[in-house]
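See below for the structure under consideration.
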Amino acid sequence: MARPQRPQEYYDQIKDKFREERNLRLGYRPPGTDQYTSELSGDLAKYAIDPYAKDVPSREPLNDEVEVLFIGGGFSALLTSARLRERGLESIRIVERGSDVGGTWYWNRYPGAACDVVSYDYLPLLDELDYVPVNHYSRGPEIFSHCQAIAQKYNLYDLAVFNTTVTETRWDDADQLWHVKTDQGDVMRAQFVICANGTLAKPKLSAISGMESFAGHSFHTSRWDYDYTGENLEHLKDKVVGIIGTGASAVQIVPELAKVAKEVYVFQRTPSSIDVRDDWPTDPNWARKLQPGWQHKRREKVLAAVENSLEKRAAKGATSPEEKLRKQENANIDYMMRIHRRIDEIVHDPATADALKPWYMFMCKRPCFHNEYLPSFNLPNVHLVDTQGQGITQISPQGPVFDGKEYGLDLLIYATGFEVQQTGIYNDIVGAGGVNLQDKYAQGIRTLLGIHTAGFPNLFIMGGYQASFQFNLTEMLQTQGDHIAACIDYVRANGHHTLDVKDEAEEWWVQNVIEHRGKTSRSEECTPGYYNFEGNEQRRQDGNYNGGFRQYFQHQGQVREKMEENFHLVAREN
Ligand code: NDP
C-alpha cells in the first residue's frame, strides 16, 4: 500500500521543531566538547581505575625489539595481527592498558551490554575461527570471549604486555626504529607501530559542579563495580540508584537496574531514538549448512542493502539535488515520527512519553535499539528526570540537583560516554626529525586514508579520522587491517625497511575528505552530540571520509596498486 502523501508544511514544521530543540541545547552548553573532562586525575582518578584487573603480577621493565607493535589490544590489533600471521610475520607485540585483549568489550562489562549490529556481521573472523554466534545479537561476554579466542588462535598472548600504557612513541632517526616507552618503565623498539587504541576508548565525565563532593558510591559505565552492585545486581535491592545520560550504554543498563534496584532515577538531557530489537537463538540447521566464505558474502549483501536504504530509495526519481535532499529528509522525518508513535504505544504516562521523544533528524545521534528500555518507565520504581536539554549541572553530597530538587542517591552511574579521538593517538608520537604528531596536526589532520601520515615512517593509525564511517565498525577495521598487513608485507617482500607516504598522496586524500564533507550540512543542523563535536565549529578535514564505505575500500586497493607512486620506500641504511 502506498504511503499517504503529507504536505511539505508538515515536514517543515517538524524541521522547525528540530531547530528549536537544537538551539535550546546549544544555548545550555556553549563550551562544546570542553563541557566534558577525560583528564581523570586527582579527585577524579578513581573513575579511571580498572576494576577487572585483580592481582596484577609485577614484572621487570622490557628493553627489547619486535617487528610489529600494537598500541591497544582490541579488535583493531586482533584483526590486523590475524592477517600478519597469515602472511608469516612472527614477532608481534600487543601493549594494552587493560589486563587482557578485547578493548571495548574488555572495558564495557556493564549489565545488559550487547552489540546492536547483527552478530554474524559484527563478530569478525568467524570463518577463520569456525565459530557461529549463539544468538542473532551477541552479548558482551560472548564478544569478549571471541576476542580472547582470536588472540589464542593467532598466538598473540606470547609477546603481549598488559596493564601497561604507552607514554611515548618516538622514531629514532639513527637506528630507524620506533622507540616505545610505557608507564612500566619499558623501552621497546619496533620496526612498525600500529595505533590501535580505539575510537571511543577514553571514558569522559560531564564536568558537573560539586561532583567530587558526592558522598555515595559512583563509577563510569565502562568501569562497572560488581563488588558494589553484586554480580547480578543483587546488592542494589535496597539502593537508590541514579544514572546520568541516556545514550546507547544507558539504554542497555536502565532495564537491568529497573528489574532490581529499589529506586532508579534516569537523568536525561536529550532522549535517544529507540527502535525494535528482537533477538533469537541461532538456528542450528542454518549454522550447519554455512559454506566457507559465508561471512564475507553476508557482509556484502548487508552493504548493498544499506546502499539501498529507505532514505536513498525515497530520493529516487528526484529531478534536482534540492528535491533529492528534501525527499531524503522527509523519509528520515517519517522514521523519527514512527519512533514517536512507538513511545506513545509503550509508555503509559503521557508526560513521560512526551519527554522521551527525540526531536532531531534520524542519525543526528547514534540510533538505539531495545525492547525493554521504554517499558522500564512504566515500572513504579523508575523515574525519568527530564532536564529538557539543560543536563545536570550540580551535584551535592546527597546527589544530583535539578530545578531546585536534590535527588538523594546511594549510587550514581555516569553514562556520559567517551572521548572521541582526534588523531587515533593518545601518547606522545614523535616522527622523523623530531616532529610531534600533534604539532603536525595543529593546522588540520593530514593523512592518507586516515591510516598513513607523512613524516611518520612505518606508523599506521586505525579507526581514526579521515577514515570511512561504518555502523559495523569491525568491518571497517578489517579493511584497514588487511590494508596495513598488505603494506607491511610489501615492505618486507621487496627488501625495504621503511614506508612513508608521499606529500602529494597525503594532499590528494585531504582534498578528497574536504570535498566529501562539503556535501552535507547535516552535521551543522543536528542537535549537539559526539557525532558533530557537540555543535562546535570544526575544520572540514578533521572528521570522517564521507565518500562511502565501498569507495573507501576501493581507494585502499588503488593505493596499494601504486605503492612506489604513493610511498617513499627505503632500504635500511647500514
Ligand atoms: P554517549 O556519548 O552516546 O552518551 C552520553 C550521554 O550522557 C548522552 O545522553 C548525553 O546527553 C548525556 N549527558 C552528558 N552530560 C550530561 C549531563 N550533565 N546531564 C545529563 N546528561 C548528560 O555515550 P554512551 O556510553 O551511551 O555511548 C557511546 C557510544 O558507544 C555509542 O554511541 C555507541 O557508538 C557505542 N555503544 C555501542 C553499543 C552497541 O550496541 N554496539 C552499546 C553501547 C554503546 P546529550 O545527548 O544531551 O549530549
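The values are calculated or read from the model by the stated rules, or taken from the named source; none is laboratory data. Note that this is a predicted model, so its numbers are computed, not measured. Cβ sites come from the backbone with ideal geometry, for glycine too, and all protein chains shown count toward neighbours. For accessibility, only protein heavy atoms count, side chains too; no ligands or nucleic acids. Shrake-Rupley method; radii C 1.70, N 1.55, O 1.52, S 1.80 Å.
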How about the stretch 62-155: which GluC sites (Glu not before Pro) there lie in a loop by DSSP and see at most 16 other Cβ atoms within 10 Å?
-> GLU90
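If you average the sequence gap of Cα pairs under 8 Å that are 6 or more apart and divide by the length of the stretch 318-459, what percent do you get for the contact order? Spell out each step's value before the answer.
Working: 86 pairs, mean separation 15.8, N = 142.
Relative contact order for the stretch 318-459 comes out at 11 percent.
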With every protein chain in place, what's the accessible area of THR416 (1.4 Å probe, Å², nearest 10)?
-> 20
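Mind checking the alpha-carbon convex hull of the stretch 261-390 and giving the volume per residue in Å³? All intermediate terms of the calculation are to be shown ahead of the outcome.
Numbers: hull volume 22.1 nm³, N = 130.
So the per-residue hull volume is 170 Å³.
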Under a straight-distance cross-link criterion of Cα-Cα below 13 Å, which aspartates and glutamates are reachable from LYS181, leaving out those fewer than 8 residues away in the same chain?
-> ASP64, GLU65, GLU96, GLU168, ASP172, ASP428
For the Cα atoms of the chain, what angle does the longest principal axis make with the long axis of helix 503-517, in degrees from 0 to 90, nearest 10?
-> 10
Which value results for Rg/Rh of the stretch 96-194 when Rg is the Cα radius of gyration and Rh the Kirkwood radius based on the inverse mean 1/r?
-> 1.08
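Would you please give the FRET efficiency between ALA287 and ARG59, computed as 1/(1 + (r/R0)^6) with r the Cβ-Cβ distance and R0 = 51 Å, to the nearest 0.05? Intermediate values should be presented prior to the final figure.
Details: r = 42 Å, r/R0 = 0.81.
The value I calculate is 0.75.
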Do any trypsin sites (Lys or Arg not before Pro) in the stretch 43-77 lie in a loop, going by DSSP, with at most 10 other beta-carbon atoms within 10 Å of their beta carbon, and if so which?
-> LYS54
Rounded to the nearest 10 Å², the accessible area of TRP280 at probe 1.4 Å = 120
Of ASP410, ASP238, ordered by accessible area with the largest first and a 1.4 Å probe, the sequence is ASP238, ASP410
Taking amide H positions as placed 1.01 Å from N in the peptide plane, with prolines and chain starts having none, which residues 5 or more places from VAL66, or on another chain, fall under 5 Å of its amide H?
-> ARG189, ALA190, GLN191
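Net charge near GLN148, counting Lys/Arg +1 and Asp/Glu -1 over other residues with Cβ under 13 Å of its Cβ? Walk me through the numbers before you get to the answer.
Numbers: positive: LYS153; negative: GLU96, ASP100, GLU142.
Here the count lands on -2.
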Computed on Cα atoms, Rg of the stretch 335-494 relative to 2.2 N^0.38 Å comes out at 1.53
How much accessible area does HIS217 have with a 1.4 Å probe, in Å² rounded to the nearest 10?
-> 60
Average the reciprocal distances over every distinct pair of alpha-carbons in the stretch 463-525, invert the result, and give the Kirkwood radius in Å.
-> 14.2
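Any idea what % of Cα-Cα pairs in the chain are farther than 45 Å? Before the final figure, lay out the partial values.
Values: 27123 of 164451 pairs.
Of all Cα-Cα pairs in the chain, 16 percent lie more than 45 Å apart.
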Structure-based [θ]222 nm, the chain - -39500 (n - 2.57) summed over DSSP H runs of at least 4, per residue, nearest 500 | -10000 deg cm²/dmol
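In what order, largest first, do GLU419, GLU475, GLU561 sit by accessible area if the probe radius is 1.4 Å?
Highest to lowest solvent-accessible surface, that is GLU561, GLU419, GLU475.
What net charge is computed for the residues neighbouring TYR490, neighbours being all others with C-beta under 14 Å from the C-beta of TYR490, Lys and Arg scored +1, Asp and Glu -1?
Values: positive: ARG83, ARG87, ARG492, ARG560, LYS562; negative: ASP482, ASP489, ASP500, GLU561, GLU564, GLU565.
Within the 14 Å Cβ shell, the charges total -1.
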R0 = 45 Å: FRET efficiency of GLN388 with ALA304, Cβ-based, nearest 0.05?
-> 0.65
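Which FRET efficiency value, to the nearest 0.05, is calculated for ARG572 and GLN438 with the Förster distance at 30 angstrom and r the Cβ-Cβ distance? Don't skip to the answer; put the middle values down first.
On the way: r = 28 Å, r/R0 = 0.94.
According to the calculation, E is roughly 0.60.
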Using θ = phi - 60° and the Karplus form 6.51 cos²θ - 1.76 cosθ + 1.60, what ³J(HN,Hα) does each residue of the stretch 483-499 get, whole Hz, x for Gly and Pro?
-> 5, 5, 4, 5, 5, 5, 4, 4, 4, 5, 5, 10, x, 8, 10, 10, 10
In a shell of Cβ-Cβ distance under 12 Å around PHE469, excluding PHE469 itself, what net charge do Lys and Arg (+1) and Asp and Glu (-1) give?
-> +1
With label points built 7 Å along Cα→Cβ from the Cα atoms of LEU24 and LEU379, find their separation and express it in nm.
-> 2.8
Computed over the chain: longest principal axis from alpha-carbon atoms vs helix 75-86 long axis, angle to nearest 10 degrees, is 30
Roughly what % of DSSP beta bridges within the chain run antiparallel, to the nearest 5?
-> 40
Show which aspartates and glutamates lie in cross-link reach of LYS316 when reach means a straight Cα distance below 17 angstrom and same-chain residues fewer than eight apart are skipped.
-> GLU307, GLU329, ASP334
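Would you kindly state how much longer the chain becomes between GLU128 and GLU525 on full extension, computed as 0.36 nm times their sequence separation minus their alpha carbon distance, in nm to one decimal? Intermediate values should be presented prior to the final figure.
On the way: separation 397, 0.36 × 397 = 142.92 nm, distance 4.31 nm.
Contour length minus the Cα-Cα distance gives 138.6 nm.
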Which whole-Hz couplings ³J(HN,Hα) result when phi for each residue of the stretch 57-73 is put into the Karplus expression 6.51 cos²θ - 1.76 cosθ + 1.60, θ = phi - 60°, listed in order with x for Gly and Pro?
-> x, 7, 9, 6, x, 8, 9, 8, 10, 10, 7, 10, 10, 9, 8, x, x
Near LYS204, which lysines are there with a Cα under 24 Å away, not counting those fewer than 8 places off in the same chain?
-> LYS46, LYS54, LYS365
Given Cα pairs under 8 Å that are at least 6 residues apart, what percent is the relative contact order of the stretch 424-574?
-> 29
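Please give the per residue volume of the convex hull enclosing the alpha carbon atoms of the stretch 447-574, rounded to a whole number of Å³.
Numbers: hull volume 13.4 nm³, N = 128.
So the per-residue hull volume is 105 Å³.
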For the stretch 194-210, Karplus couplings with θ = phi - 60° (6.51, -1.76, 1.60), whole Hz, Gly/Pro x = 10, 7, 10, 9, x, 8, 9, 9, 9, x, 10, 10, 5, 6, 10, 4, x
The set of residues whose placed amide H lies less than 5 Å from the amide H of ASP428, leaving out same-chain residues fewer than 5 positions away, is GLU168, THR169
Debye equation applied to the C-alpha atoms of the stretch 48-123, log10 I(q)/I(0) at 0.11, 0.15, 0.20, 0.24 Å⁻¹ | -0.39, -0.70, -1.05, -1.21
For TYR545, TYR531, TYR28, give the ranking by accessible area with the largest first, probe 1.4 Å.
-> TYR28, TYR531, TYR545
What are the residues whose amide H is under 5 Å from the amide H of PHE418, where those residues sit 5 or more places off or on another chain and H is modelled from the backbone?
-> LYS204
Evaluate the relative contact order of the stretch 100-178 (contact order divided by residue number), counting alpha-carbon pairs under 8 angstrom at least 6 apart; express in whole percent.
-> 31
